[in-house]
Every structure is written in C-alpha cells, then in structure tokens.
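For reference, the structure discussed in these notes is given below.
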2 protein chains.
Amino acid sequence: MSSNTELLKRREYLLGPNVHVFYDDPVQLVRGQGVWVYDADGRKYLDCYNNVPHVGHCHPHVVEAICKQAATLNTHTRYLHEGILNYVERLMATFQGNITSAIMVCTGSEANDIALRMAQAVTGKTGIIATNHTYHGNTAAVSQLSTTKPPIGGFGGHIRHVTAPDSYRPTGGSAEAHAKAFATEVELACQSLIASGHGVSGIIVCPSFVNEGFPDLHSGFLDGAITAVRKAGGVIIADEVQPGFGRIGSHFWGHEKAGFMPDIVTMGKPMGNGHPVAAVATSLEIMGAFRNAFGYFNTFGGNPVSCAAASAVLDVIESENLQSKARETGDYARLGLKKLAEKHDIIGDVRGSGLAIGVELVLDRSTKKPAKAEADRVVNLMRQHGVLLGANGIGYNVIKIRPPMPFGKPEVDLMLSTLDVCLQAL
Amino acid sequence: MSSNTELLKRREYLLGPNVHVFYDDPVQLVRGQGVWVYDADGRKYLDCYNNVPHVGHCHPHVVEAICKQAATLNTHTRYLHEGILNYVERLMATFQGNITSAIMVCTGSEANDIALRMAQAVTGKTGIIATNHTYHGNTAAVSQLSTTKPPIGGFGGHIRHVTAPDSYRPTGGSAEAHAKAFATEVELACQSLIASGHGVSGIIVCPSFVNEGFPDLHSGFLDGAITAVRKAGGVIIADEVQPGFGRIGSHFWGHEKAGFMPDIVTMGKPMGNGHPVAAVATSLEIMGAFRNAFGYFNTFGGNPVSCAAASAVLDVIESENLQSKARETGDYARLGLKKLAEKHDIIGDVRGSGLAIGVELVLDRSTKKPAKAEADRVVNLMRQHGVLLGANGIGYNVIKIRPPMPFGKPEVDLMLSTLDVCLQAL
C-alpha cells in the first residue's frame, strides 16, 4: 500500500494538476461495505456522503448480478436482448404521465447532453434556462449550464441563468412571494431568449436543487415558472441524477415531491450502485423527434451488464424498503439535528427530505451570513473523527448529508454525536 | 425467452423509433464466449465484427477482475486509490513522446468531447478539422464532427471537413499525390478557419480511418497535413477508439503505424472489454491548460472497478500475445481474401492491418463503382450462415472484419469458406 503523499504525487503527474481531492488530509479508501468504508490503514469511516453506492457499498445482490451477466454476455444494443427492455419497462413504471421510453447511456452528463438536444429537436429552438448555482454535468454542451467558470470556448449565448431558490432567505419574505419571484425571473429569461432569436427550448432543473443546498420548497413552488416556459413553447427537463431512486423518502422522484410533471427526466449516479449507467426518459413524441433528428447510438449504453446492475438496484430498493427507510431515517436525523441546533448557534437551518439533508451553518442567525470556513472546518474535523460528509450550497456553507440508503438510526446517532463534538471543537 | 418479433415491438415502444438493429433478420444474443456468440435458439455464430470484447467475449480474467473489485470497493476519484494510478502509469508506458497523463472517463464520446476542449484550452482557438465520413461519438459537441446528418441545433461554423483518404481511389493517382492532396485540403481548411475568426485548435483523425473503410496508407501519409495544422497553431488529436490496443497487429496504436506523434490521444471501446471505460491522454502541458480552464470531474471515470477491468485487458493482451496474434491472423486472413478475389470479381480490394480488415466490393473493377446493395446482401447472408460481420466505408460497400483478438486461423478458414459460399449465392 502506498502512502497518501506518494499517491498525491503520482496523481499530480499521471492525472494532471488541480484534480480535486476531498479533505485537507485525503482519505485512501480500499474497501466498502454497506454504509462503511475503510482506508489503507484499516480505519473505518461512516459514509454520510456518497449517493452513488445507493443501496450500500458493494451490495452482494448487485455484485452478483454484475458478475453473472459479465460472465454470460456483454454486448451492444444493435443486437436484440431482453435485459434492456425488461429494465426500461420496469423503470418506466415508476413514472406518471407520458414518460414511457428511454435511452440508456453511461453517465448523467451524457443523459443531460441528450436531454438538451431532445428539447431542441422537439421545439426547434436552442435557448435553455437553468439556475445560477447548478451543475448538470461535464460535456461541452452541458458544462455551458454551469456558472462557476466560463466554459472553454465561451458561453454560447443560448443560456439564461435564473436565481436559485433559497428557502432560508426567500425572496419577498414568504414562500408564495419566493415562488412568484422565481416565476418572474423565468418569464423574463424566456422573453430574453425569444428576443435574442434563440427561442425557448426549455428549462432544466434539479427538482430538489441539491447542489444549491436543497431548499425546502412547497409542492407547486415551480408551477409559475413551468407555466411561463410552456407558454413560451419550451419543455421541462428534470435532472433526477441526485434526488431520484427514492432518496428523498416521500417520493421515488424529486419532481413528484416538487409537484410537477416533467417532459424529460435524466438520471445517473445511484442507478447502478457505481456501475457506469445512466438514462434519459421521455414521451414517445419527444423521443421520436430526437430519434428522427439524430441517429443516436451509445456503444456501452444499455449493455446487458449495465442493465443487470441497474435492475439489481431496483430489486434492493424494493426488497429492503429503502425509500420508506430513507423517509424514517431522514426524519429522525433532522429531528436530532434540530436538537443540536438548540445547543449550537452556528446551525442556522436544518432541511431536506429523506436522506438528502442540509445543515446550513451561519455566523449569525439574524444576518444569516454563511459560515463557509466553519463548514469546511467541520467537514475536515468529521473526517478526522471517522465520519465522511461534505459541504455545498450557494455559500458552500451547507453540510451535505446524503449517505447510502441503508443508513439507519444507529448511524444517525453516531453522526449526530460526532457532529456535536466537532461543532464544539470549532 | 421472447421471440424477435416481440422484442422488436417492445424496442419500438420502450426505446423509441429508428433505433438501428443489425441485419434484416436481427440476432437475439444471449451468451458469448471467446470469438463465439449464441442466440436465443442456441445457435452459434462466429463473431467477426465486435471489437469491444477485445480479448474475447466474457474473458474469465477480465470477469474475475470486475467481480473481485466490485465486491471490494467502487468509488470516485475524490478519494485516493492506487487502481487508477497503477493503470494510467501502465497505459502511459505504451506511448512514445510526451503523452504522460490521462483523464479516465466512461465512453469514447466523453473522451473526444474533452479532447476538443483540450485543444481549445491550449490554443485559445475553437476551429477544428475532421474528415468527411468520420464518426467520433455522440455528444452534442462531438456529433458536430459528423456529416451524415446536420446536428440538432445546427453546425457551429467552427468545423471544416476534408475529404477522407481512399487508398483504392487515390487522388492524383499515386500515394504521394494522394498525401499531397490531403495536405492541401487541410491547409485550405486552416486558412478558412483563420479567416473565419475561429482559428485552428486542431485536427482530429482516426489514424486508421476505420469508419472510412481503413485505407492502406503509407507511414508518413499525414505528415503534410500535420505540418499544416501545427503551422497554423493547432494540435493533433488521434482518436484511437477503434485502432488502439494492438488491433492493427504491427503496432499497439494506430498513430504509430501511421507514423506520427499526436498531442492528444483518445481511446474507448476495447479498453475494458465491454465495461464502460475510456480515456483521453496527453502531455502535462495540455493537461495543465485543460485542468486550469475547466474543473473536470467524472463521477464514474476511473473508478476502481473500471480500472480493474481495463488493467485485466492489458494483462490478457500481454499474456496471450494478442497483438502479434492479430498480426499473424490478419495477414493470413488477407492472404485468403486475396485468393477469394481471384474467384469473385466483386472483390475490388482487400486491405487493412492486423485484425482490422476491409474487403471492398465493387460492381466493376475498372470503374470501381461501390457495390453497396451487394455488400449489404453479403452481410445478411453471412449472418444466415452463422458468421457475424458488417459493412462500412465511404460507399458502405466495404465488408468490415474486426473480430475479438483471440480470432485464430481456424476461424479465418471458416469465415473464408462461408464468404465464398455467400459471394457465390449473390
């Protein structure tokens, strides 16, 4: 086993400069099991962060499905195979409305890259609206949606960014005024896109705004914005890469909780428990428009092994009741976090749904000034105390608790007691 | 097991219209082993087509590596892990020049999408040159390089297409004149990109021009074109997704055979024997420019399971001497095909390198008119006779023989005798 110092040096050379690593003192992981991961020194960490190993690190049912299919056949979709059809049929049964068909790909980025083109194909327009602190992936087209760095090659001029919702600091002071302000911004963005000649192909949102600190929004919050987009001829893309597959507890998909019906849904990360599989789902009408305009084929997309992995994930979500477990455990965790807030003034807000939990740290509860440096310090202290989590949100001051779904009450208790110690040590 | 009719109906509904399937009478594959695949009725087919199962369908060493690592840990690169470093180090050792670092991703499309941005980041320009019958992938940015259908959203104006080389119909009548004509076209494309304000970020080529019927080109054929691009300030991208990993027999990479040193190399399909893994490799200078301009992260890219799969593929290529086997078997196959050509006038040209073999069918050897319908008929007849292959090339009249690498002389003999029968039956 190499030391962390050696590995960091080799990374710098082999992977290039500026490759982000978590924690001031990075963790060298060598093994994972359920909600636990182990480093090279045999130290055990409680994983409160990773959503990709959705049904738990190295879940035996998923591993077995991968092994069995990898030993049987792994090929592409230009031959017929039942695997992809059985999986897509099962996946489509989780949707309401007319989301009935899907393209399977390998990453959420690929899914969103297609979703943008589906919107273009069905509307004939190119303009797209996104929130201003979002992340939808890393392809050239999709990275245009990010605001953190101007994309290489420059912005295309066809994007309009609107202010992300912030339930802790609602524009206008109430939930209703907040929703109205969001709708007004979207309406103005539509007008601007039409005036620029790009027209409106649609809006893309993470229904739970996970990268933006998952604000607590009421069902219907997006109604006004959606009406504005539809009126302008655009479609609604729900990026379910983070909220999907039961994580939010109350519903299987984020858009159900948010109370709207998208035209296009993208998904990825948790879908194969770490196996590279993702998808974009839509109506037959939009799928037809895309398939007619573009002869899309993805060599690895929907291969029998990926479908077996994804199918096994659905099996486990069902057999272990992970969605309702996430709801219960999440509620229990938020209750405990709110109790911690009575003791620690730095906790300004506790929010989220199911196992997508945000703990916003502030320097002062009246000014709500983000405690970014403190959030960073807490994250690093927690790592030293054997609990892995991260921080995100608009001010990078929201502790993100988003563990594998088998996370239970004993794990919540450990997370809470460790957080108590770390907040005390600030 | 469902019937093909049922599966085709379900595909139409679940995957959408116009999803391409091979053969007039599609094949429902259920099992693969080495160079053989089996359909739902238990019928055995010789696989002369699939390059993704590079070291053979379901190779036990690769399957074992995947199973072992999937049961141990599968996580992302924001933690430290030796797997990616050991693999990238090993991969980099296959390159000459200053290709020393890599980004691991999931698909060749993702790799090429990055390669285009690397060229932009290091040159500050956006113009790119590609050949006019190529395919480099399916993202919005990369699909701009294809000429078959105008991309959704329209062409960006920053692409210049040059005529793909055709060794069977060389422009100017000789190899030297052909190379010169190609260089001149590239030079004009550079001038046009500079005049348009886009400038020249680079040229992207498959060094073996696989989609364009893999013409037989002499080492150095591209020298003039490369000089022109470099003079205009651009970089050279070699898309090794198809020729790479020893397939061409004489060399490990297509650009080595073509006799040039690229600045950026992309790879994918055969890299993980079907597991979704791909990469883009380049110098530290270009990597640095890209990493500084763009905070690239790929959730699944370089995960320990993908690295284990890719590493196992390299193990097998070495332990089973697959590169030299490809050279021998390929030479033997071309000899046999040339012998078949003495009997069947429709065979106009036999070419290729290693196990990337092209058999160009023509209606008339003097006019060299492409026999497209006949090529399609041969492909379908071969399928009926239990041999899977395809057709591509500029005129879609080149029988493409590109089997898994363990393909041996007995398999060549079976392929040749079946082809003889099918050509006879035309």
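Before moving on, here are some points about what is shown:
- Of the criteria (1) within 29 Å of B:Asp41 (Cβ to Cβ); (2) touching a His at 6+ places or on another chain (Cβ under 6 Å); (3) surrounded by fewer than 23 Cβ atoms within 10 Å (Cβ to Cβ), which one B:Lys409 fails: (2)
- The stretch B:93-106 residues that are within 24 Å of B:His76 (Cα to Cα) and at the interface with chain A (Cβ under 8 Å from one of its Cβ atoms), paired with ones that are assigned to a loop (DSSP other than H, G, I, E, B) and aromatic (Phe, Trp, Tyr) (beta carbon under 6 Å, 6 or more apart): B:Cys106/B:Phe300
- Only residues that are within 12 Å of A:Ala312 (Cα to Cα), crowded, with 22+ Cβ neighbours inside 10 Å and among the hydrophobic types (A, V, I, L, M, F, W, C) were counted in the stretch A:59-90, giving 4.
- The set of residues from the stretch A:41-71 being over 24 Å from the mean Cα position of the chain (by Cα), in a loop (DSSP other than H, G, I, E, B) and more than 8 Å from chain B (Cβ to nearest Cβ) comprises A:Asp41, A:Gly42, A:Arg43.
- Listed conditions (1) assigned to a loop (DSSP other than H, G, I, E, B); (2) of a type outside the set (D, E, K, R); (3) in contact with a strand residue (DSSP E or B) (Cβ under 8 Å, 6 or more places away or on another chain) are all met by B:Ile128, apart from (1).
- Applying the criterion of being outside any helix (DSSP H, G or I) and either among the hydrophobic types (A, V, I, L, M, F, W, C) or in contact with a Cys (Cβ under 8 Å, 6 or more places away or on another chain) (or both) to the residues of the stretch A:105-124, the residue that is surrounded by the fewest Cβ atoms within 10 Å (Cβ to Cβ) is A:Thr107.
- Filter pass, B:Pro276 being in contact with a Lys or Arg (Cβ under 8 Å, 6 or more places away or on another chain) and closer than 26 Å to A:Leu14 by Cβ: no
- Within the stretch A:191-211, the set of residues being surrounded by fewer than 24 Cβ atoms within 10 Å (Cβ to Cβ), modelled with pLDDT of 95 or more and either among the polar types (S, T, N, Q) or under 21 Å from A:Asp113 (Cα atoms) (or both) comprises A:Gln191, A:Ser192, A:Ser196, A:His198, A:Gly199.
- Taken across the stretch A:154-161, residues that are touching a residue at least 12 places away in the same chain (Cβ under 8 Å), crowded, with 24+ Cβ neighbours inside 10 Å and either more than 20 Å from A:Phe260 (Cα to Cα) or of a type in the set (Ser, Thr, Tyr) (or both) do not occur at all.
- Candidates A:Phe182, A:Phe214 - the one that is surrounded by 23 or more Cβ atoms within 10 Å (Cβ to Cβ) and in a helix (DSSP H, G or I): A:Phe182
- Per-region count, the stretch B:255-273, residues at the interface with chain A (Cβ under 8 Å from one of its Cβ atoms) and assigned to a helix (DSSP H, G or I): 1
- Filtered residue count, the stretch B:319-345, keeping only those that are buried (at least 20 other Cβ atoms within 10 Å of the Cβ) and either in contact with a strand residue (DSSP E or B) (Cβ under 7 Å, 6 or more places away or on another chain) or not in a helix (DSSP H, G or I) (or both): 4
- Per-region count, the stretch A:282-315, residues closer than 24 Å to B:Gly108 by Cβ, out of contact with any Gly (no Cβ under 6 Å at 6 or more places or on another chain) and of a type in the set (A, V, I, L, M): 3
- Exactly one residue out of B:Arg160, B:Arg117 is in the same structural domain as B:Leu193 (by TED's automatic domain parsing), closer than 25 Å to A:Glu110 by Cβ and not aliphatic (A, V, I, L, M): that is B:Arg117.
- Criterion (crowded, with 22+ Cβ neighbours inside 10 Å, in contact with a helix residue (DSSP H, G or I) (Cβ under 6 Å, 6 or more places away or on another chain) and on the phi > 0 side of the Ramachandran plot) met by exactly one of B:Gly127, B:Gly137: B:Gly137
- Verdict on B:Asp331 being more than 30 Å from B:Ser201 (Cβ to Cβ) and in the same structural domain as B:His255 (by TED's automatic domain parsing): no
- Selection of first residues in the stretch B:36-63 that are within 24 Å of B:Gly246 (Cα to Cα) and of second residues that are at pLDDT below 95 and among the polar types (S, T, N, Q), restricted to Cβ pairs under 9 Å at least 6 apart or on distinct chains, gives an empty result.
- Sole exception among (1) surrounded by fewer than 23 Cβ atoms within 10 Å (Cβ to Cβ); (2) assigned to a helix (DSSP H, G or I) for A:Gln96, by number: (2)
- Complete set of residues in the stretch A:274-298 that are touching a residue at least 24 places away in the same chain (Cβ under 8 Å), more than 25 Å from A:His54 (Cβ to Cβ) and within 7 Å of chain B (Cβ to nearest Cβ): A:Leu284, A:Met287, A:Asn292, A:Ala293, A:Phe294, A:Tyr296, A:Phe297
- Selection within the stretch B:6-34: residues that are at pLDDT below 95 and at negative phi. The member of this set that is nearest to the chain's Cα centre (by Cα) is B:His20.
- The residues of the stretch B:362-376 that are touching a residue at least 24 places away in the same chain (Cβ under 8 Å), hydrophobic (A, V, I, L, M, F, W, C) and part of a helix (DSSP H, G or I) amount to a single one, B:Ala375.
- The stretch A:144-154 - residue that is small (Gly, Ala, Ser) and more than 7 Å from chain B (Cβ to nearest Cβ) and, of those, farthest from B:Ser143 (Cα to Cα): A:Ser146
- Complete set of residues in the stretch B:14-37 that are more than 7 Å from chain A (Cβ to nearest Cβ), part of a strand (DSSP E or B) and not polar (S, T, N, Q): B:Gly34, B:Trp36, B:Val37
- One residue from A:Gly224, A:Gly233, A:Gly249 being part of a helix (DSSP H, G or I), among the small types (Gly, Ala, Ser), surrounded by fewer than 24 Cβ atoms within 10 Å (Cβ to Cβ) and in the same structural domain as A:Arg90 (by TED's automatic domain parsing): A:Gly224
- Residue in the stretch B:314-325 that is in contact (Cβ under 8 Å) with a residue 12 or more places away in the chain, out of contact with any His (no Cβ under 9 Å at 6 or more places or on another chain), away from every other protein chain (no Cβ under 14 Å) and farther than 30 Å from B:Leu416 by Cβ present: yes
The values are calculated or read from the model by the stated rules, or taken from the named source; none is laboratory data. Predicted model only: the values in this text are computed from it and were never measured. We place every Cβ from the backbone using ideal geometry, glycine too, and count neighbours over all the protein chains shown.
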